[in-house]
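Comments concern the structure below.
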Amino acid sequence: MKRVSAIVIATLLVAVVASAQPPAAPKPGPELKKLDYFTGTWTSEGDAKPSPMGPGGKMTLSQDAKWMDGGFFVVMHSDYKSPAMGDGSGMAFLGYDPQDKVYTYDEFNSQGEAVHAKGTVDGDTWTWLSDMKMGPQTAKGRFTEKILSPTAYTFKFDMSADGTTWNTLMDGKATKK
């Protein structure tokens, strides 16, 4: 009798294990589709204003952005040139945080900077907010992108000491190749 019970239990166990399927892989939420706009090869030209951050001047940026496997993040590789502020490269990741219901931007560049911003989209305007450490002080950053067409947008970077009064540090236009 013990032998029959053991065989039945073993058979049931094998059947359960054989029929068990691994959990389904998570699927990207519909909010991520809006990030499709930023994929592809882009060139940007901007005008940095003289400020405590530097003397200002023209800058150019080339960027290649593609979806990471799985479809949860857009990976952006960029190279920038600025006679006044120096040349460099960067890598950034765009995503969406479903718990906070905000888009995310995380950038790391060759000047040792790490930028972490949270974004929202309202119609054709994306707004990215971040906190920036400047020595012992923290300033607020706001990067705004206004979509003009499927292949062009304008951008503006503002900075504020108090989150109320904003000063424009850079503006420009990006075009998709």
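The values are calculated or read from the model by the stated rules, or taken from the named source; none is laboratory data. Computed from a predicted structure; not experimentally measured. Here Cβ is always computed from backbone atoms with ideal geometry, including for glycine, and neighbour counts include all displayed protein chains. Quick note on the areas: whole protein, heavy atoms, side chains included, nothing else; ligands and nucleic acids left out. Shrake-Rupley method; radii C 1.70, N 1.55, O 1.52, S 1.80 Å.
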> Any idea how many residues of the range 163-177 are aliphatic (A, V, I, L, M) and closer than 16 Å to residue 84 by Cα?
Replying inline: 2
>> Exactly one of these conditions fails for residue 163: (1) assigned to a strand (DSSP E or B); (2) open to solvent by less than 40 Å² (accessible area, probe 1.4 Å). Give me its number.
In response: (1)
> If only one of 84, 139 is part of a strand (DSSP E or B) and either modelled with pLDDT under 95 or surrounded by fewer than 13 Cβ atoms within 10 Å (Cβ to Cβ) (or both), which one is it?
Replying inline: 139
> Does residue 158 fit the bill of being of a type in the set (Asp, Glu), more than 13 Å from the chain's Cα centre (by Cα) and farther than 24 Å from residue 34 by Cα?
Replying inline: no
>> Taking the conditions exactly as written (assigned to a strand (DSSP E or B), modelled with pLDDT under 95 and either among the basic types (Lys, Arg) or more than 22 Å from residue 46 (Cα to Cα) (or both)), does residue 133 satisfy them or not?
In response: yes
> Does any residue in the range 63-83 that is under 11 Å from residue 38 (Cβ atoms) come within less than 8 Å, Cβ to Cβ, of a residue that is in a loop (DSSP other than H, G, I, E, B) six or more places away or on a different chain, and which pairs are these?
Replying inline: 65/39; 66/39; 67/39; 67/73; 74/39; 74/68; 75/68
> Going by the structure shown, is residue 108 within 17 Å of residue 39 (Cβ to Cβ), open to solvent by 70 Å² or more (accessible area, probe 1.4 Å), in contact (Cβ under 8 Å) with a residue 12 or more places away in the chain and touching a strand residue (DSSP E or B) at 6+ places or on another chain (Cβ under 6 Å)?
Replying inline: no
>> Among the residues of the range 56-73, are any at positive phi and in contact with a helix residue (DSSP H, G or I) (Cβ under 8 Å, 6 or more places away or on another chain)?
In response: yes
> Does any residue in the range 39-60 that is under 16 Å from residue 143 (Cα atoms) come within less than 8 Å, Cβ to Cβ, of a residue that is surrounded by 14 or more Cβ atoms within 10 Å (Cβ to Cβ) and β-branched (Val, Ile, Thr) six or more places away or on a different chain, and which pairs are these?
Replying inline: 44/60; 44/175; 45/60; 46/60; 49/168
>> Whether any residue in the range 16-37 is surrounded by fewer than 16 Cβ atoms within 10 Å (Cβ to Cβ), modelled with pLDDT of 90 or more and hydroxyl-bearing (Ser, Thr, Tyr) is what I want to check.
In response: no
